[in-house]
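Enquirer: One structure is given below, represented as structure tokens, and several questions about it will come after.
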Amino acid sequence: MTADISPLGRRVGQRIRKARLERDLTQEDVAFKVGISASYLGQLERGGRGLTLEKLVKIARALKVDPGELTRGI
């Protein structure tokens, strides 16, 4: 599946992971708040799944960050 990983998706995923770890949250914590599985969140963090704008906003809210913070400069 590594062929499906886009550079853009990988960068956003890395920012999601960084924000999650800075807040000392598990994938399970964030996934529960967003209404997705922890496995799916892990795939998003690795850039292996497409991320919709709706999911990005929900994840940002769960992390208590501005959605722009996860995409700024990309």
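The values are calculated or read from the model by the stated rules, or taken from the named source; none is laboratory data. All figures in this text were calculated on a predicted structure; none of them were measured in a lab. We place every Cβ from the backbone using ideal geometry, glycine too, and count neighbours over all the protein chains shown. Note: accessible area is taken over every heavy atom of the protein model, side chains too, but ligands, DNA and RNA are not part of it. Shrake-Rupley method; radii C 1.70, N 1.55, O 1.52, S 1.80 Å.
Enquirer: Mind checking which residues of region 19-39 are surrounded by 14 or more Cβ atoms within 10 Å (Cβ to Cβ) and closer than 19 Å to Arg72 by Cα?
Expert: Passing the criteria: Ala19, Arg20.
Enquirer: So which residues in region 1-13 are in a helix (DSSP H, G or I) and either surrounded by fewer than 19 Cβ atoms within 10 Å (Cβ to Cβ) or touching a His at 6+ places or on another chain (Cβ under 9 Å) (or both), if there are any at all? Walk me through how you get there before you give the answer.
Expert: Taking region 1-13 and keeping what is in a helix (DSSP H, G or I), we get 2-4, 7-13.
The answer is Thr2, Ala3, Asp4, Pro7, Leu8, Arg10, Arg11.
Enquirer: Another one. Regarding region 33-47, can at least one residue be identified that is of a type outside the set (A, V, I, L, M, F, W, C) and in contact with a Pro (Cβ under 9 Å, 6 or more places away or on another chain)?
Expert: So the first thing to find is which residues in region 33-47 are of a type outside the set (A, V, I, L, M, F, W, C), and the list is 33, 35, 37, 39-40, 42-43, 45-47.
With in contact with a Pro (Cβ under 9 Å, 6 or more places away or on another chain) added as a condition, the list becomes 47.
Taking every residue of region 33-47 in turn, at least one turns out to be of a type outside the set (A, V, I, L, M, F, W, C) and in contact with a Pro (Cβ under 9 Å, 6 or more places away or on another chain).
Enquirer: Give the number of residues within region 19-48 that are within 16 Å of Leu70 (Cα to Cα) and either touching a strand residue (DSSP E or B) at 6+ places or on another chain (Cβ under 9 Å) or of a type in the set (Lys, Arg) (or both).
Expert: The qualifying residues number 3.
Enquirer: Among (1) open to solvent by less than 50 Å² (accessible area, probe 1.4 Å); (2) of a type outside the set (Lys, Arg); (3) more than 17 Å from Asp66 (Cβ to Cβ); (4) part of a helix (DSSP H, G or I), where does Ile16 come up short?
Expert: It is condition (3) that Ile16 fails.
Enquirer: Could you look through region 40-74, keep only residues that are assigned to a loop (DSSP other than H, G, I, E, B), at pLDDT 95 or above and not basic (Lys, Arg), and pick out the one that is most open to solvent (accessible area, probe 1.4 Å)?
Expert: Only one residue tops the list, namely Asp66.
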